[in-house]
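A short reminder: the numbers here are calculations on the coordinates, not readings from a lab. On a predicted model such as this, the values are computed, not experimentally measured, just so you know. Virtual Cβ from ideal backbone geometry, glycine too; neighbours counted across all protein chains shown.
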Amino acid sequence: MDKNIIDEDKSLRVKKNLKDDELLVDMSELFKVFGDSSRIKIINCLLESELCVSEISYITNFTPSAISHQLQILKQMKLVKTRREGKIIYYSLKDEHVRKIFEIGCEHIEEL
């Protein structure tokens, strides 16, 4: 027994229940995506409606190029999905998990 551990049984129980390191690294990468205010603005827009790049650009006052770049990151992280209608690609949130993460973050900030 390590003399510095106060409750070895509790420590072992917690250690046993920790998430896999690979999962934690992936989670860290996910939260990095949420760490950019322009991506948060895009997610906020997509909470309201499916939108194309030009619509998001108009709403956020970001250039279409900047929007496209950020959407690619969001798509790579599986936070948004696309739908093609003719030449136009529409973006929407991938699933309700993205909405929940956003809403829980807002609730936490509003409580501070």
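Considering only residues in region 30-84 that are more than 20 Å from Lys100 (Cα to Cα) and among the β-branched types (Val, Ile, Thr), the one that is surrounded by the fewest Cβ atoms within 10 Å (Cβ to Cβ) turns out to be Thr63. Scanning region 50-101 for residues that are among the aliphatic types (A, V, I, L, M) and out of contact with any helix residue (DSSP H, G or I) (no Cβ under 8 Å at 6 or more places or on another chain) turns up Ile88, Ile101. Filtered by the rule that a residue be part of a helix (DSSP H, G or I) and of a type outside the set (D, E, K, R), region 1-29 gives Ser11, Leu12, Val14, Asn17, Leu23, Leu24, Val25, Met27, Ser28. Per the conditions (1) over 23 Å from Tyr90 (Cβ atoms); (2) of a type in the set (D, E, K, R); (3) assigned to a helix (DSSP H, G or I), the sole criterion not satisfied by Lys41 is (1).
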